[in-house]
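Peer 1: The structure that follows is given in the form of structure tokens.
The values are calculated or read from the model by the stated rules, or taken from the named source; none is laboratory data. If you're wondering where the values come from, they're calculated on a predicted model, not measured in any experiment. Please note: Cβ atoms are built from the backbone with ideal geometry, for glycine as well, and neighbour counts cover all protein chains shown. Please note that ligands, DNA and RNA were not included when accessible areas were found on the heavy atoms of the full protein model with its side chains. Shrake-Rupley method; radii C 1.70, N 1.55, O 1.52, S 1.80 Å.
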Amino acid sequence: MKVIHTADWHIGQIFYDYSRQEEHAYFLEWLIGFITDEKIDLLLISGDVYDGPNPSAEAQKLFYSFLREVTYKNQQLKIIITAGNHDSASRIEAPNPLLQEMNVTVRGVVKRNSEGDIDLDNLIEPIYNDGNIAAYCLAVPYLRQGDYPHSESYSDGVQQLYHLLYNRVKDKGIPVIAMGHLQATGSELSENDRSERAIIGGVEGISPDAFDSGIIYTALGHLHRAQRVSGRDNVRYSGSPLPMTFAEKNNKHKVVMINIEEENVSIDNIDIPLYTSLLSIPSQPSRIESILEEINKLPIGEVNNHSPYLEIKILIDGPDTSFKFRIEEALKDKSVRLAKISPFYPQRGESKITALTFEQLQEIDPLDVANDYYRRNYGDSDMPQMMQEFIKEAIEEVKS
């Protein structure tokens, strides 16, 4: 059995006002070709199909067109999709009655039976080969409060659920695959990437021990960097097929191919060709003069959908209202798409007046307040004399 593991597509993402529809379409077209050429038997999509719980009609059309085309071209293909925290658990499950006709299963909601117990069987998906069950998949979506057995912590509850599911099928002598959308301990986040940290919402990481050693492969989603977890070769994040933020611009984007032959399992990373790239200049935050020099080195040409997205990191060491205009003017003939200007400030000084009493504040010179603010925002340098003169004039005007 040949398996492809992928996750975190985030279809419908708007990247600093730019639609990524064409980039996603390019990836999905490549994926269809790869699945067809390699005669893949099983496709696992471990959460965050969409970038938000209310995807646009355009995003949904792209996704369902992919499912229709890939299953039409590959009659043997089974697809299992689990919801991520960006997805609406119920919305993504809604088309299940139609998708089942295409051998596609979606799991988003953790259901309970009439006794109030978790419906474990609904999260265990059999995978057939020539009419026989060739493997079981523990199709676990992103788990929210109450989706796991009662326990003292989130991580304990998640571990209990995986153990219950595995114990339900382990004695049947058939290979078991697991899916999950979570943050595993021992995994690595993209540097300075707030999106991955924000997604987890502060809950505890899940120990890889949640995935029993008898599970032949665990397909994880949530973190956007392709990686093994705690050195376990068969517990992996596939990573996202596109860089979702500038912090991910150096990530290697892949799908994971797993080849299962009886008890032998081989795992390979397959590189995904990117439609476009992300570029940050300069390497370290710099003043506007240095940035203009860097811009001058960029390729000249018309902007199109293959042009790189550009982030500019500018050092703000004094009041300047013209830098954005100067940057935009310098980019007019460059074949890049300006996405973000990231301001950086010198190390801020400490305020000398915030600890004053109300009575003391009544006696302080307003110019001292302005100077204190300036030092805190632009390092310990003094406010330019011309600016001090303007503030003095304004103070005198108010007094008069």
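Peer 1: What spacing in nm lies between the two simple spin-label points modelled at ASP121 and ALA25, each 7 Å away from Cα in the Cβ direction?
Peer 2: Each label point lies 7 Å from its Cα, and together they span 4.4 nm.
Peer 1: Something else about it: Given the rule -39500 (n - 2.57) for each run of at least 4 DSSP H residues, summed and divided by the residues of the chain, what is its mean residue ellipticity at 222 nm, to the nearest 500 deg cm²/dmol?
Peer 2: When only DSSP H runs of four or more count, the value is -9000 deg cm²/dmol.
Peer 1: In the full protein assembly as shown, how much of LEU165 is accessible to a 1.4 Å probe, in Å² to the nearest 10?
Peer 2: 0
Peer 1: Continuing with this model, one more query. How long is the gain from THR321 to ASP212 if the chain were fully straight, where each residue apart is worth 0.36 nm and the alpha carbon distance is subtracted?
Peer 2: Result: 33.4 nm gained on full extension.
Peer 1: Keeping all protein chains in place and using 1.4 angstrom, which order do GLU93, GLU262 fall into by accessible surface area, from largest down?
Peer 2: GLU262, GLU93
Peer 1: Let me cross-check PHE325: its accessible surface, 1.4 Å probe, with only protein heavy atoms counted, in Å² to the nearest 10?
Peer 2: 130
Peer 1: Order THR6, THR185 by their accessible area, 1.4 angstrom probe, all chains in place, largest first.
Peer 2: Largest accessible area first, the residues go THR185, THR6.
Peer 1: With a 1.4 Å probe and all protein chains kept in place, how much accessible area does ASP119 have, in Å² rounded to the nearest 10?
Peer 2: Per-residue accessible area (ASP119): approximately 50 Å².
Peer 1: Counting only protein heavy atoms and using a 1.4 Å probe, what share of the accessible area of the chain belongs to carbon plus sulfur, as a whole percent?
Peer 2: 47
Peer 1: Rounded, prolate or oblate: which fits the chain, taking a ≥ b ≥ c as square roots of the Cα gyration tensor eigenvalues, rounded meaning a/c under 1.5, else prolate when a/b beats b/c?
Peer 2: It is prolate, given that a/c is not under 1.5 and a/b is the larger ratio.
Peer 1: Working with all protein chains in place, sort ARG376, ARG287 by solvent-accessible area computed with a 1.4 Å probe, largest first.
Peer 2: In descending accessible area the options line up as ARG287, ARG376.
Peer 1: Here is a further query. Quick one: net charge around ILE267, please, counting Lys, Arg +1 and Asp, Glu -1 for every other residue with C-beta under 13 Å from its C-beta.
Peer 2: Net charge in that neighbourhood comes out at +2.
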